[in-house]
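Accompanying notes for the structure given below.
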Amino acid sequence: MTQQGVRWTAEQVLALAPDAASRKAGSKLAAAGPWSQAGTSDEGTVWGLCKGSGSKPYQTVVDVADSSGPAYKCSCPSRKFPCKHALGLLLLWAGDAGAVPPGQAPDWAEQWLEGRRRRAAERTTRTGAASGATSADPEAARRRAERRAERITAGATELEQRLTDLLRGGLAAAEQAGYGLWEETAARMVDAQAPGLAARVRELGAIPGSGAGWPVRLLEECALLHLLDQGWLRRESLPEGLAATVRSRVGLPGSADGPPVRDRWLALAQYDTSDSRLTTRRIWLHGAESGRTALLLSYGAAGRAPELSLPVGLAFEAEVAAYPGGGQLRAALGQRFTAPAPADIRPPGITPAEAAARYGEALRDDPWLDSYPVTLARVIPTPDGDSWQLADPEGDLALPLTPSARSRPGLWRLVALSGGAPVTVFGECGHRGFTPLTAWPEDPTGQAVALC
């Protein structure tokens, strides 16, 4: 249940936009002019009619209290979720209570909500039935797991031979062979049911000829791939935490088996990455009482947004269970007890030196880790030639920003928020540098600003 009068900020709404174009188009619809019959309910539903180019207005409804994050429905033909009308309606709701007053949802909105509730109940029933069916034949499940492990072992053994051949022939041969060599090897790992190995092999294919120093980078990545191969082939002799990490990195599916932690969780950051097959959404959470950082992953087919969505800067009470693995922060979102609402929670920050040390400690448990989440306290974005860094004003150390962070509009939002003064920044610290994801001004009453 949402509390009437507890509305999001414009920044939290815009953090839901699938791209910059949607953010701009939604902002243009944040005025009362194009809207009619807009309203909101105690249950967390917002609705309205938006005048468009056709004779009939678009029917837009948003369920901001949905258990998996805001859910949207609009009669417009857009394939983006949320569309510009949903964003505009939420911006209007966030900024003008008079334009979106309390009321009773119209029939078309109620029908959509009832359909969602019915489908959610059916999914729960099917999930329970499937779980019962799986547990009914544990022997068959064990045999399937053994057959898959055998295929992965065969694939890892073949990959080891291919890496050996590459090093014997010299790294220069990798540039001459072209990308086809790596794609064919990745396809072999897919056949071996090791998608994690396949993904890392594809990454190798982009390194040869990628600029000065590429042989060194290729050798480093080959070493990490060799280490993962050997970890799988010798998994029975590894500590359980490291063995679970190896299984996860190879691509074996797992399930959250840690005890549920009930807490008030702050949505720290949310961003998507996509390839030709899949869109992956990463959501970082901070537990106000436990102090834990947790990562939620959600997936959508190529071109479609994942279902789970949590606006940055909102907090909710829920249970979260951890996945197995040494140093792993991934978790599963369990039962939610409250809807997301604005909160004055901030994660405690550390210095750039402590952030680098923390990433190094995380590598001890997971050598294949690209980055680790940290919150930097009182840092100032500072130009460094053609690059940028986050500097400690009370020390002589700084963290450089990653190349991807320097090319995003979020960098300029961070610079504007700072204005030369210290800010608190949450992001991912890794061997390529620091990627800022969310920032807060020094003023303790200031709102979170999403940077991605």
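What the table below lists for this structure:
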| quantity | calculated |
| --- | --- |
| R116 vs. criteria in contact with an Asp or Glu (Cβ under 8 Å, 6 or more places away or on another chain), at pLDDT below 90, in a helix (DSSP H, G or I) and open to solvent by less than 70 Å² (accessible area, probe 1.4 Å) | yes |
| From C76, C83, residue being without any contact (Cβ under 8 Å) to a residue 60 or more places away in the chain and hydrophobic (A, V, I, L, M, F, W, C) | C76 |
| Considering residues of segment 132-158 that are hydroxyl-bearing (S, T, Y) and at pLDDT 90 or above only, the residue nearest to V246 (Cα to Cα) | T153 |
| Residue list for segment 422-448, restricted to those being in contact with an Asp or Glu (Cβ under 6 Å, 6 or more places away or on another chain) and in a strand (DSSP E or B) | G430, T435 |
| Whichever residue in segment 203-237 is open to solvent by 50 Å² or more (accessible area, probe 1.4 Å) and closer than 21 Å to E146 by Cβ and, among such residues, is nearest to the chain's Cα centre (by Cα) | R235 |
| Residue within segment 265-279 that is assigned to a loop (DSSP other than H, G, I, E, B), in contact with a Gly (Cβ under 8 Å, 6 or more places away or on another chain) and surrounded by fewer than 21 Cβ atoms within 10 Å (Cβ to Cβ) present | no |
| Qualifying helices (runs of 4 or more DSSP H) (wholly inside segment 139-222; at least 2 residues being out of contact with any strand residue (DSSP E or B) (no Cβ under 9 Å at 6 or more places or on another chain), closer than 20 Å to D275 by Cα and not hydroxyl-bearing (S, T, Y)) | 179-191, 195-205 |
| Qualifying residue in segment 413-423 (condition: of a type in the set (V, I, T) and modelled with pLDDT of 95 or more) | yes |
| Given (1) over 19 Å from the mean Cα position of the chain (by Cα); (2) at pLDDT below 90; (3) polar (S, T, N, Q), index of the condition Q328 fails | (1) |
| Top-ranked residue of segment 399-409 - restricted to ones that are surrounded by fewer than 20 Cβ atoms within 10 Å (Cβ to Cβ) and touching a residue at least 12 places away in the same chain (Cβ under 8 Å), ranked as farthest from L14 (Cα to Cα) | P400 |
| Candidate set from segment 296-314 (those that are surrounded by fewer than 17 Cβ atoms within 10 Å (Cβ to Cβ) and touching a residue at least 60 places away in the same chain (Cβ under 8 Å)); member that is nearest to the chain's Cα centre (by Cα) | E307 |
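The values are calculated or read from the model by the stated rules, or taken from the named source; none is laboratory data. Note that the coordinates shown come from a computational prediction; the quantities given were computed from them, not determined experimentally. Cβ coordinates were reconstructed from backbone atoms using ideal geometry, including for glycine residues, and neighbour counts include every protein chain displayed. SASA here: full protein model, heavy atoms, side chains in, ligands and nucleic acids out. Shrake-Rupley method; radii C 1.70, N 1.55, O 1.52, S 1.80 Å.
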